Every structure is written in structure tokens, then in C-alpha cells.
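Just below is one structure, and these are the notes that go with it.
The values are calculated or read from the model by the stated rules, or taken from the named source; none is laboratory data. Not measured: the values here are computed from a predicted model. All Cβ positions, even for glycine, are placed from backbone atoms using ideal geometry, and neighbour counts span all protein chains on display. The accessibility values were calculated without ligands, DNA or RNA, using every heavy atom of the protein model including side chains. Shrake-Rupley method; radii C 1.70, N 1.55, O 1.52, S 1.80 Å.
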Amino acid sequence: MMLTPLRHTYKLNKLLTVHLLWLSMLLSPAMAVAQVQPRHTTKPDTVKIHEEGFVPPDTVLPGQKHPFTEAQRLEGHNGRYLKRAVLPSAILIGAGIYTIQDRGFISSFDTRDARNKVLPEFATSADDFIMLAPLVGLYGFNLISSQNRHQLSRQTLLLFSSGVLASAMVWPTKKFTDIDRPNGKPHAFPSGHTAYAFTIATFMDKEFRHKSPWVSVASYTVAGATGVLRVLNNAHWMADVLAGAGVGILSVNTVYWIHAKLTHGGGLNTAVIPVMLPDGSPGVGLVLQF
């Protein structure tokens with residue numbers, strides 16, 4: 001009668017070990033990307049990073065080829081993050097909330113009425129794909145240029161993380177606000193198209209601002225055009241577009257801020273090591289060192 005509990009315990013331990021093993025394998029690529037070089041303690045004028053010359057230590061983030069601008073070197077600075085990311089995003093999201101439906105000096109209803117008066121028959125599907133246009137430039141620059149801020153694998157990780165964060169803000173808010181679109185369809189606020197368009201534009205600005213300011217100008221122009229087309233297509237209110245732009249900008253800046261916190265100045269080191277569980281069965285452990 002005592003064998004049954006022991007048998008169940010053995011099966012549970014075995015199942016736990018198997019899950020820990022496959023989880024460690026699943027996380028290994030992400031953890032490999034997160035590895036960083038140890039912090040340099042040598043004086044700035046004695047650290048030779050490249051043959052072209054000398055640069056101060058701790059200015060090249062993991063996965064980054066060169067330090068380019070002061071803004072990039074100070075990515076993890078709290079004050080800069082609040083001023084350059086949180087404040088502009090809060091203004092855009094606040095403007096969106098302020099102009100919902102018939103609220104505000106120029107309300108969403110006002111822009112809807114103007115659209116119906118000037119371009120009542122306007123319709124295009126361009127807004128479904130032009131927001132992705134900057135990504136062509138992203139991978140194009142990686143192919144033809146060596147002046148990219150991060151390696152392609154790190155770029156992909158940062159962009160994906162930014163998209164996930166934007167989605168985490170957009171879709172629950174759509175459900176919570178439950179506002180109908182001008183065309184009668186549900187879940188208007190905020191605009192997902194606009195949020196993703198500004199996510200991509202802000203990402204391009206982060207990665208290629210040093211290469212040419214026109215990359216940033218073109219990317220934000222495409223993002224803005226996406227938002228305008230959503231309104232002209234009667235698919236979104238002005239308030240939805242304003243809030244979506246704020247979400248996109250905030251998402252990317254937050255991801256880069258966290259990335260800088262985890263990797264700058266010693267950074268984040270990870271390791272997966274075999275361990276012995278309390279019952280004597282084998283397992284694996286994840287070690288994080290900040």
C-alpha cells in the first residue's frame with residue numbers, strides 16, 4: 001500500500017526534470033544573445049577596441065559594433081528615458097484620451113465629420129502594408145552597410161520584444177475601452193496599425209539615426225502616414241491614432257532602456273548548470289549574475 005505514493009513521487013520528479021531540461025534548451029538561444037563581455041577596468045586611453053583607434057571602455061554595448069552617439073551611450077539613463085520617451089508618449093496618449101469621441105477642442109467626431117465631407121469615398125489598403133516598409137531598409141542596411149548599431153540577431157530580438165510590449169498594451173486596452181470604430185467595427189482605441197508603425201519607426205531611429213537623420217525622418221513619415229490613412233479609411237478615430245503613436249514610441253524606448261540596464265557596465269551574465277534536486281534526482285538551474 002506504501003508503494004503507490006512513492007511511485008507517484010518518482011513520476012512527478014521525472015516529469016519535472018524533463019520539463020526543466022526542455023525549458024533550458026528553449027531558453028538557450030535567448031540567453032546566448034544576452035551574454036556580455038566583462039567590464040573593462042583599463043583606462044580609456046589604453047583600451048584598443050579596433051585598429052582604427054581608441055575608444056573609452058563601456059561604450060560598446062553587447063552586440064553593438066561601435067558607439068555612435070551620446071544618446072546611444074546614455075540609453076539606460078533614467079532622466080533621459082523619462083524626458084525622451086515617457087513624456088512624449090504620455091503627451092500623445094493623453095491627447096488621444098482627451099479627444100475621444102466628442103471631447104476636446106478638436107474632437108475625434110470633428111475629424112470624422114471633416115473626412116466625410118471632404119473625402120467621403122476614400123478607401124485604400126495601403127495602410128495595411130506601408131508600415132512595414134522601413135523593415136526593408138533595416139535588412140537592406142544590414143546587407144550593404146557595416147555602420148549598424150547592433151548585430152542583426154540583437155536587432156531582431158529588440159524589435160520582437162518591442163512588438164510584444166506594444167501588443168501587451170494595445171489589445172487589453174482595446175477590450176477594456178470597448179469603443180466602436182467610425183465604420184461600426186469594434187475595438188477602436190488605440191490603433192494597432194499605428195502602434196506597430198511607430199514601433200518600427202522608433203526602432204529604425206534607434207538603430208540608424210547615426211547613419212543618416214533622413215532614415216529617421218523617412219521612418220516617422222511612413223508611420224505618420226499610416227495613422228492618417230487609418231483615419232481617412234474610416235477605420236479609426238483621431239484619438240486612436242494619437243494613442244497608438246504614443247504606445248509605439250514608449251514600447252521601443254522601454255525595451256532599449258531595459259536592455260541598456262541589463263547589459264551596460266558589467267551587464268547580465270547567464271548560465272545553465274546541472275543541479276541535484278532535494279530528492280536526489282537530477283535537474284538544471286539557471287544562474288543570473290548582474
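So the values come out like this:
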| item | result |
| --- | --- |
| Selection count where residues are open to solvent by less than 10 Å² (accessible area, probe 1.4 Å), at pLDDT 95 or above and within 17 Å of Trp257 (Cα to Cα), scope segment 155-176 | 2 |
| Single unsatisfied condition, Arg115 versus (1) free of Cβ contacts under 8 Å to residues at least 24 places away in the same chain; (2) in contact with a helix residue (DSSP H, G or I) (Cβ under 7 Å, 6 or more places away or on another chain) | (1) |
| Filter pass, Ala239 being out of contact with any strand residue (DSSP E or B) (no Cβ under 6 Å at 6 or more places or on another chain), of a type outside the set (S, T, N, Q), part of a helix (DSSP H, G or I) and under 18 Å from Gly140 (Cβ atoms) | no |
| Residues satisfying the stated conditions in segment 177-205, i.e. closer than 16 Å to Gln72 by Cβ and either in contact (Cβ under 8 Å) with a residue 60 or more places away in the chain or buried (at least 24 other Cβ atoms within 10 Å of the Cβ) (or both) | Thr202, Phe203, Met204 |
